[in-house]
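The values are calculated or read from the model by the stated rules, or taken from the named source; none is laboratory data. Everything numeric here is computed off the predicted structure, so don't read it as measured data. Counting neighbours? That spans all protein chains shown, and the Cβs are built from the backbone with ideal geometry, glycine included. Surface accessibility is based on the protein's heavy atoms, side chains included, excluding ligands, DNA and RNA. Shrake-Rupley method; radii C 1.70, N 1.55, O 1.52, S 1.80 Å.
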Amino acid sequence: MSDMQLEMNFEQSGNRFQRHLEAGKFILLIENSSPGRDNDPQASAERLAALEETVLGINDICTALAITDRYNNFASWRAAEYAAGLSRENRDRHVIYISGGDTSVEETGNLIQLAANAGLRNVVAVSGNKVAGEGLKETRQRSFTESIATLQMLSQKNFYCGAAVNPYQYTPFSLMGQYYKLEKKFRNGASFGVVQAGWDMVKAQSLQWYLRKQDLYVPMIARLIWLTPDKVERILAGEYPGITISKDFQKILNKELRYSNNQFEAAQLRRLELQAAGFRLLGYSGVQLAGAELPGRAKIAAERIAGALKEFTSFEHWLSEYNSYLARAEMAPFWRSFYLFDRALIRSYPQDAPPEANDMGPVQVSRMEKIRYHVRKALFHHADRQVPESAFLLKKSIALCRGNCSACLLPQCEYVCPRNCPKGLIDGPCGGVTPLGNCEVNPAQECRHCKIVRLAHWRGTLPELEERTLNKGNISR
Ligand code: SF4
Ligand code: SF4
């Protein structure tokens, strides 16, 4: 068949991923990381073709591929390049990621063009994690393109865009930082969301309740991980930024690790079944499964998840099975963790009486922070209306100014310079933030963006911060 005929077939098919998601079909995405550049390209392409054939041959559940980009490895093929190995007539069924990690805005634009030329239609934009093993100094030397800048570029090319969020946050400030940023992504072109992997279903439900309260009826896909002993160790060693295992869950996993290999795997599959069925009953539109990139495993996972969707059709039935399977283990990693809603995971969404959000509670601000705030406010309250370079040395010594802004953000950000984020992100916290709101790159320090939310709560300016956060998608780029 000629290229032109293929193109016509492709055009006729429209965007099947979007159509399925918007029609309410529950979708299973099998996650596949783009391989390292040292892999044999021919062998990699053959592996991808075999996986695609298996995935598209699954009939029990609507299944496609999600190809991640630079996930923990910057020396890999870009997903937009690797996805060229997918069958051309089916590219609208799959999703690719574009990571801003170690990628300039110009390079991001080139990747978007590459994806458009290849007929790829569905893209999740992420800012990118730090590289495992790299510290503050190395990370600062890399440039990160923010997911919101990528979403704006993708929208101009009519891609169907997704945005990532990490709702497994346990302080009010780190949680609300994630929620605000997700809303901002929806205002800047994202039409669906992908949720970081986690096991705390109360947090998963709270996100759905929050979105409903904001009148945001956007399809959300929950990421799952098929755990292996090696993966458990790597998560516990902190190699997967933003992913947490609670002490209780760790105890369960330790017990399972003493089983035979077959029993361990059976336990993981049952957990995946329960999670997938639970996510659907909590209102999610699909799941994205990592760890099933071999065709045999993808097939088993799809069969088991499809079976679970048939097994659990009522929230109450699922909840009783889920609680007895986990023996009511505590999935929050910390005592006195913050939850936005009470009574989540006791009932499904109460249509008649929408749940009230909990207050963020008292805020701790040290004496030194208060002094710094007032000094910076006195000196820089007009900084957004001045030439950004003005008073650079003063701003550098008092507000850790890094320069290079088209407009200074200090007055909008409680006089905390967001550019001091090791990745230089200004739009809000990344998904790698720790569950207590510390920085992915420098865990000894609070994430700059969580700090801004905390100070705004102290000042009573949270509504203004939220409004500014939501409405200024392209500040000072
Ligand atoms: S936002 Fe930060 S880096 Fe930019 S001009 Fe203001 S203080 Fe300097
Ligand atoms: S400061 Fe926050 S947004 Fe920046 S790298 Fe650290 S955790 Fe991510």
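Values as computed for the structure displayed
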quantity	calculated
Helix-derived mean residue ellipticity, 222 nm - over the chain, DSSP H n ≥ 4, -39500 (n - 2.57), to 500	-13500 deg cm²/dmol
Fraction of accessible area attributable to carbon and sulfur, the range 1-144 (%, probe 1.4 Å)	48 percent
Whole-angstrom gap from the range 255-324 to the range 83-108, using each part's C-alpha centre	28 Å
Normalised per residue, the volume of the convex hull around the Cα set of the range 367-471 (Å³)	110 Å³
Förster-model FRET efficiency, 30 Å R0, Lys396 and Asn73, C-beta, rounded to 0.05	0.30
Accessible surface, per residue, of the range 33-76 when the full set of protein chains is kept, probe 1.4 Å, Å²	45 Å²
Three principal axis lengths of the range 3-325 [C-alpha, angstrom, descending]	54, 47, 45
Residue list for the range 145-159, given a label point 7 angstrom along the Cα-to-Cβ vector of Arg19 and an amide N cut-off under 14 Å	none
Low-density loop cleavage sites - GluC sites (Glu not before Pro) in the range 347-389, where at most 11 other Cβ are within 10 Å (DSSP)	Glu356
Distance between the range 154-229 and the range 368-396 - C-alpha centres, whole angstrom	34 Å
Neighbour-limited loop hits for chymotrypsin sites (Phe, Trp or Tyr not before Pro), the range 284-378 (at most 10 other Cβ within 10 Å; DSSP other than H, G, I, E, B)	Trp335
Accessible-area composition of the range 155-295, carbon plus sulfur, in percent [1.4 Å probe]	45 percent
Accessible area (Å², 1.4 Å probe, nearest 10) - Asp352	140 Å²
Whole-number percent relative contact order across the chain, with pairs defined as alpha carbons under 8 Å at least 6 apart	17 percent
Share of carbon and sulfur in the accessible heavy-atom surface of the range 367-471 [1.4 Å probe, %]	56 percent
DSSP beta bridges in the chain [antiparallel fraction, %, rounded to 5]	5 percent
Accessible area expressed per residue, the range 285-409, with surrounding protein chains retained (probe 1.4 Å, Å²)	60 Å²
Cleavage-rule hits, chymotrypsin sites (Phe, Trp or Tyr not before Pro), the range 162-231, DSSP coil, Cβ neighbours within 10 Å at most 11	Tyr217
